[in-house]
1. Compute the normalised compactness of the range 60-109: alpha-carbon radius of gyration over 2.2 N^0.38 Å, N being the residue count.
2. Obtain the nm distance between the two label points defined at N23 and E89 by a simple spin-label model: each point lies 7 Å from its Cα along the Cα-to-C-beta direction.
3. Would you look at the GNM of the chain, springs on alpha carbons closer than 10 Å, and say which of T59, T36, T95 moves the most?
4. So which residue, out of P91, P39, P109, gets the largest mean-square fluctuation from a GNM of the chain using Cα contacts under 10 Å as springs?
5. When the C-alpha atoms of the chain are aligned to their principal axes, what extent does each axis show, in angstrom, from largest down?
6. Can you give me the long-range amide H partners of T95? Hydrogens built in the peptide plane at 1.01 Å from N, cutoff under 5 Å, separation of 5 or more residues or another chain.
7. Just to be sure I understand: with springs between alpha-carbon atoms less than 10 Å apart, which residue in I48, I98, I34 has the highest mean-square fluctuation in the Gaussian network model of the chain?
8. Given the -39500 (n - 2.57) contribution per DSSP H run of 4+ residues, what per-residue ellipticity at 222 nm results for the chain, rounded to the nearest 500 deg cm²/dmol?
Amino acid sequence: MRHRKIKSRLNRTSSHRSALLRNMAASMIEHERIETTLPKARVIRSYIEKLITLGKNDTTSNRRLAFSRLRNKSATKKLFGEISPRFKERPGGYTRIIKTGFRAGDISPLGFIEFVSEDKQEKNK
């Protein structure tokens, strides 16, 4: 029985789903903003936020854990070098999902998932 099993499967096998999450997380770290369907964005949000929390404490074991989940050396380096230090004082909520509309072919809901900017000067403008 699947009682209290909330994780979304995205209609994929477990190996396909893990490969999808790894690729999307690496792309999100490299480009800092990706466009995808809303169900995928909701799943990738928890995956990427756990990686950022892991990256706040820059140790060898945390780097190895992040690399084992990302399988991308440049994305791991950027995660620990640029992205995680940006959110050092923030307790959570590193990403946001912005709905953009529907895909023309199959009417799937689309949206952007991006990192929250910490610039207070942007808010004042």
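1. Taking the Cα Rg and dividing by 2.2 N^0.38 Å, one obtains 1.63.
2. 3.9 nm
3. Looking only at T59, T36, T95, the biggest GNM fluctuation is shown by T59.
4. With Cα springs under 10 Å in the chain, the top fluctuation among P91, P39, P109 is at P91.
5. Projected onto its principal axes, the Cα set of the chain covers 41, 39, 29 Å.
6. Amide H to amide H, under 5 Å and 5 or more residues apart or across chains, T95 pairs with V116.
7. Of I48, I98, I34, the most mobile in the Gaussian network model is I98.
8. -14500 deg cm²/dmol
The numbers here are math on the coordinates, done by the rules we state, and not lab data. Predicted model only: the values in this text are computed from it and were never measured. Counting neighbours? That spans all protein chains shown, and the Cβs are built from the backbone with ideal geometry, glycine included.
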